[in-house]
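**Q** If you scroll down you'll find the structure; I have some questions about it.
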Amino acid sequence: MTDHGVLKSDGRPRYYSVVACPDCAGLVTIEHDAPGSAGQVHRTWPADAERALDVDHLPEDVARYYAAARRVLDAGVPDAAAVQLRRTLEAAAAHHGQNDRMLVRRIEALIQDGLVTRSFAGALTLIRKVGNQGAHATDEDVDQATAERALKFTTQLLRNLFEVPGELAAAKTGAPTEDEQAGGEPAEEG
């Protein structure tokens, strides 16, 4: 690790370290405030792509299925990821009172209840169908790109169903965000 220090415009020192990513062997620059160690990390470049998929305020079972989907997709098993994404969708619907045995009816109920827009219904249908394809023995496997697309749609759904309401509730009470609780910097007001 190589540290390079500079002074910010307010006179505070800030250090930058360049390290190799253990996953891709690419270079990563870390902005931190203590020489010789990572100290408190303020930013990384490139931005952590994995963090972009994190969703706060998830119920435990939804988080478990979602994490499993991400893990197996990273491992190159898109069929298994598709099944876990479908399970994520089923669990998310159940947390909003939708427990019909058929997932297509749960999706329709989420739309009827105004929790999902009609324009987003196609995304949920894609997650459901890709999950079915991954779960059943057919001639057609789920490819990596299709599973990644289903993951993006699932992430958006989870943000709308859980993260946005959770952050709004925290804003009303003045509670710190989950990022702030984890030691990150508070979001700048703009």
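**Q** Within segment 84-141, report the trypsin sites (Lys or Arg not before Pro) that DSSP leaves as loop and that have at most 14 other Cβ atoms within 10 Å. Kindly include the intermediate steps, with their values, before the conclusion.
**A** Details: sites: ARG86, ARG87, ARG101, ARG105, ARG106, ARG118, ARG128, LYS129; in loops: ARG101.
Listed in order of number, the matching sites are ARG101.
**Q** Also: Across segment 140-152, in residue order, what do the Karplus-derived ³J(HN,Hα) couplings come to in whole Hz, using 6.51 cos²θ - 1.76 cosθ + 1.60 with θ = phi - 60° and x for Gly and Pro?
**A** So the Karplus estimates, Gly and Pro as x, are 10, 8, 7, 8, 4, 5, 5, 5, 5, 5, 4, 5, 4 Hz.
**Q** Next question. Would you mind calculating the relative contact order of segment 81-151 from Cα pairs under 8 angstrom and at least 6 residues apart, reporting the percent as a whole number?
**A** Contact order relative to length: 43 percent.
**Q** Give the lysines whose C-alpha is closer than 22 Å to that of LYS172, dropping any in the same chain fewer than 8 places away, or say none.
**A** none
**Q** Please compute the modelled spin-label separation between ARG64 and THR29, points set 7 Å along Cα→Cβ, answer in nm with one decimal.
**A** Placing both labels 7 Å along Cα→Cβ, they lie 4.2 nm apart.
**Q** Another question, then. Got a sec? How would HIS96, HIS136, HIS32 order by Cβ neighbour count within 10 Å, fewest to most?
**A** Listing HIS96, HIS136, HIS32 from fewest to most nearby Cβ atoms yields HIS136, HIS96, HIS32.
**Q** So, one more: Roughly speaking, what is the stretch gain from GLN156 to CYS21, that is 0.36 nm per residue apart minus the C-alpha to C-alpha distance, in nm to one decimal?
**A** This chain segment gains 45.9 nm when fully extended.
**Q** Check ARG43: other-chain or 5+ apart residues with amide H under 5 Å from its amide H, H built from backbone geometry?
**A** Here GLU31 satisfy the definition.
**Q** Here is a follow-up. Cβ under 12 Å from LYS8's Cβ, LYS8 left aside: what net charge do those residues give with Lys, Arg +1 and Asp, Glu -1?
**A** Every neighbour counted, the sum reads -1.
**Q** With θ taken as phi - 60° and the coefficients 6.51, -1.76 and 1.60, list the Karplus ³J(HN,Hα) couplings across segment 165-176 in order, rounded to whole Hz; mark glycine and proline as x.
**A** For segment 165-176, the Karplus curve yields x, x, 5, 5, 4, 5, 5, 5, 8, x, 6, x Hz.
**Q** Right, here's the next one. Please sort by residue number the GluC sites (Glu not before Pro) in segment 84-179 whose DSSP state is loop and whose Cβ has at most 15 other Cβ atoms within 10 Å.
**A** Numbers: sites: GLU90, GLU108, GLU140, GLU148, GLU163, GLU167, GLU178; in loops: GLU140.
When the GluC sites (Glu not before Pro) of segment 84-179 are filtered for loop state and at most 15 Cβ neighbours within 10 Å, GLU140 remain.
**Q** Right, another one. Mind sorting VAL6, VAL130, VAL72 by how few other Cβ atoms lie within 10 Å of their own Cβ, fewest first?
**A** So the ranking, lowest neighbour count to highest, is VAL6, VAL72, VAL130.
**Q** On to the next question. Calculate the spin-label point distance for ASP113 paired with LEU126, positioning each point 7 Å from the Cα along the beta-carbon direction, and give it in nanometres.
**A** Result for the modelled spin labels: 2.4 nm.
**Q** Let me ask something additional. Taking amide H atoms as placed 1.01 Å from N in the peptide plane, list the residues 5 or more away in sequence, or in a different chain, whose amide H sits under 5 Å from that of ASP143.
**A** none
**Q** For the residue pair VAL6 and VAL41, what label-to-label distance in nm results when each label sits 7 Å from Cα along the Cα-to-beta-carbon direction?
**A** Taking the simple label geometry, VAL6 and VAL41 are separated by 2.0 nm.
**Q** Work out the length of the dipole vector of segment 53-165 about its Cα centre, built from +1 on the beta-carbon of each Lys and Arg and -1 on the beta-carbon of each Asp and Glu, and round it to the nearest 20 debye. Working shown, then result.
**A** On the way: 14 positive and 16 negative charges, 52 e Å.
So the magnitude is around 260 debye.
Readers should treat all values here as calculations from the given coordinates under stated rules, not as data from a laboratory. Owing to the predicted nature of the structure, the values given are computational and were not obtained by experimental measurement. When we count neighbours, we look across all protein chains shown, and the Cβ atoms used for this are built from the backbone with ideal geometry, even at glycine.
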